[in-house]
1. For I16, I60, what ranking results if the residue with the fewest other Cβ atoms within 10 Å of its Cβ goes first?
2. What net charge is computed for the residues neighbouring F65, neighbours being all others with C-beta under 11 Å from the C-beta of F65, Lys and Arg scored +1, Asp and Glu -1?
3. All other residues with a Cβ under 15 Å from the Cβ of H39 taken together, and with Lys, Arg as +1 and Asp, Glu as -1, what is their net charge?
4. What is the magnitude of the charge dipole of segment 23-75 about its Cα centre, with +1 placed on the Cβ of each Lys and Arg, -1 on the Cβ of each Asp and Glu, and no other charges, expressed in debye to the nearest 20?
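What follows draws every value from the coordinates through simple rules; no lab data is involved. Source: prediction; values computed, not measured. Cβ placement follows ideal geometry from the backbone for every residue including glycine, while neighbour counts extend to all protein chains displayed.
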Amino acid sequence: MKWYRLDEKREISDLITCAEYQLFLDEMKAVGECYQPEHWETHEFPQGEAKKPITGIRGIDADKFCQWLTSKYGEATLDNMMFSWVSVG
């Protein structure tokens with residue numbers, strides 16, 4: 001796994017972790033939007049899975065995450081990032 005510096009205090013890996021995706025979820029929830037993986041029972045990642053790659057998100061949710069990340073940190077952040085998701089429905 002490779003890490004990319006976002007700013008002085010934060011880094012992000014080439015595989016998006018549950019904890020990293022949670023930052024996006026929290027901000028979107030504050031404005032009334034929900035992009036939580038359907039297999040999560042709550043709006044937070046399951047205990048003990050913070051460093052695991054995010055799975056189970058829809059392609060449209062991954063797109064929204066990328067838009068959010070770009071608006072926060074710029075397009076260069078998205079180079080070489082990977083998502084792992086399963087197709088739902």
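1. On the way: I16 23, I60 9.
The fewest-first ordering by Cβ neighbours comes to I60, I16.
2. Details: positive: R58, K64, K72; negative: E20, E27, D61, D63.
Net charge around F65: -1.
3. Details: positive: K52, R58; negative: E38, E41, E44, E49, D61.
My count for the surroundings of H39 gives -3.
4. Numbers: 6 positive and 10 negative charges, 28 e Å.
It comes to approximately 140 debye.
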